[in-house]
Structures are given as structure tokens and as C-alpha cells.
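Read the structure below first, then the notes.
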Amino acid sequence: MKRGIAVLLSLCVLMTAAYFTASKWAIRHETITFIDPARDNRPVAVDVAVRRDKEMLADADMIMLPVAILNHGNTVKFTEYSFLANVFAARGYLVVSIQHDLPTDAPMVTNVGEIYVGRLPQYQRGVANIRFAVDQMKKLEPNADYDHLTMVGHSNGGDISMYFAKMYPDEIKKVVTLDNLRVPFMTDGKFKILSFRSKDPVFKPDPGVVPDEAICEKSGITVVQTSYQHTWMSDRGPDDAKASIEGMLDKFLEDDSPLRPVNTDMPKITEPGPVALYAPVKN
């Protein structure tokens, strides 16, 4: 009996590996740089990932592609999240990964006591980049659902994702964050949220960013406590960490039913802190 179970588990692992390997071969990646004349000709580079067969069906007006916007962390490039982009693309999403920072941008600073510790200008710039990139993608891939976005982001990109969702909740389908630290989660239950949290002594969320377990359960928020470092949640991380995140993310995208609990042998949430009193600010 044990031998049979072991064989079955091995087959499942092989099938999962084969699924992602085949999916990567079937996915088209393209890097495009748009120029925004409204912001002094600011270049906004994007990496587009899409399954070739799904793109052909969309081009033939047979389907509408769901859209995922991928936002990078501070000092990490927009092209360094292919392990995430491939999961979404394999599920039939049009994935648009956006480069938010330029070498000419002012350096990011932390000012304790200010809203989002002084990071608000970066979030507002991120929102402007997303808006502009989406408008440009509509011209290139018109048969995609830009009215119901899935926002994805790591670290500062996770905060940009959550901030955008706060600003435009009616345009959001799902939010996935990987260790965002500044912007509190939305708890009104308008859309599902999945968040991977690191076990890192340096990178800790501000008080009130992650709601307590009761609020999460009521609001459709799934928090996965991992044993991974903050900086591992990109292509720079080890393969086992990326594979684990890929598997849980794929389950989250399986359908619109609630994500089943994942056995991580750890509590879902630790020391969430009080709810922050910050609200989004529009330009």
C-alpha cells in the first residue's frame, strides 16, 4: 500500500513538472518599451507573456484573455519574475510585467511617521505606469479583459498592487502579493487575496498591513506563511522555493472557489498587529 502511494505521489510530481515545462515552451515572451508623452516621454518597458494557443484564439475573436499585471520589487527588474509570469500564462492569462523604476528616478527613502513611510510617490507613479501600460496593451491585444485585472507584486510591487486595488477596486478580480510590507490589505471582501509571507528577520510588515486570522477568513484573504527569505520571491530565489510558490499559486488560479487550506505546518498569521488608519490618496 505504501509503495503504491509513493508511486502515485511520484507520478503527481512528474506530471506537475511536465505541465510547467510544457507550458513554458508554449508561452511567448516579448519585451516592449512604450513612451508616455504625458510624462516627459517617460519610457515604460513591459514584458508580455501569453500562451500561443490562447493568443491565437483571442486574435480570432473566440475568447477574451484574462489579464494579470505583475509589479516588481525594489532593485529587482521587471524581467526577474518569469516563474510567476509562466504560471499565469499557463492558465491562459495575458501577463504584463511592468518596469516601474528608472535610473533617473529619485531614490526611494523611508520616512517614519509619513503615510506608507514616505513611499506614496512611488505607489502613485506605479499606478500611472499601470494605467499607461494597460492603455497601450489594449491596442496590441484588444481581445483581453482589462476591466477585471489580477494584480500581482513582490515587496514594493506588492504594495503597488494593493494600492492600485484600493484606488480602483471595481477593476480588480484578484490580488496576489509576495511579502508586501507597507500598504494594508483590503478587507471588504470585494475580491480574493492571496499573500505569501517570508520568514525573514530583516523584512517585516508594518503594523496593520496583514489583518488577523478572523478578518482574513471573513474577507476571503489567504495568507501563506513560508520559510523563505524575502529576496527569494523572484527568479533569484532557489528552485524549491519557486516551485512551492508556483504550486500554491496554480491552485489559487484553478477556479473561483476559495483556496483550500495549505498545510505549511505553520500558523497562517503571526503577530498581525492593529489595523492601520491609512487611506489611498488620488492625484
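Remarks
- Qualifying residue in the range 200-215 (condition: in contact with a Ser or Thr (Cβ under 6 Å, 6 or more places away or on another chain) and modelled with pLDDT of 95 or more): yes
- Among residues that are within 30 Å of residue 239 (Cα to Cα) and in contact with a Gly (Cβ under 8 Å, 6 or more places away or on another chain), residue 73 is included.
- Within the range 206-234, if we keep just the residues that are under 15 Å from residue 73 (Cα atoms) and out of contact with any Pro (no Cβ under 8 Å at 6 or more places or on another chain), the residue that is surrounded by the most Cβ atoms within 10 Å (Cβ to Cβ) turns out to be 233.
- Within the range 71-119, the set of residues being surrounded by 17 or more Cβ atoms within 10 Å (Cβ to Cβ), in contact with a Lys or Arg (Cβ under 7 Å, 6 or more places away or on another chain) and either at positive phi or of a type in the set (Phe, Trp, Tyr) (or both) comprises 83, 92, 116.
- Some residue of the range 152-172 being among the hydroxyl-bearing types (Ser, Thr, Tyr), modelled with pLDDT of 95 or more and over 27 Å from residue 131 (Cα atoms): no
- Qualifying residue in the range 113-121 (condition: in contact (Cβ under 8 Å) with a residue 12 or more places away in the chain and under 22 Å from residue 82 (Cα atoms)): no
- In the range 44-62, the residues that are touching a residue at least 24 places away in the same chain (Cβ under 8 Å) form Cβ pairs under 9 Å with partners that are of a type in the set (Val, Ile, Thr) and outside any strand (DSSP E or B), at six or more places apart or across chains, as follows: 45/79; 47/79; 54/63.
- Residue satisfying condition, being of a type in the set (Asp, Glu), closer than 28 Å to residue 230 by Cβ, out of contact with any strand residue (DSSP E or B) (no Cβ under 9 Å at 6 or more places or on another chain) and modelled with pLDDT of 95 or more, within set 40, 101, 47: 101
- Selection status of residue 160, out of contact with any Ser or Thr (no Cβ under 6 Å at 6 or more places or on another chain), over 21 Å from residue 74 (Cβ atoms) and surrounded by 24 or more Cβ atoms within 10 Å (Cβ to Cβ): no
The values are calculated or read from the model by the stated rules, or taken from the named source; none is laboratory data. None of the values given here were measured: they were computed from a predicted structure. Cβ: placed from backbone, ideal geometry, glycine included. Neighbour counts: every protein chain shown.
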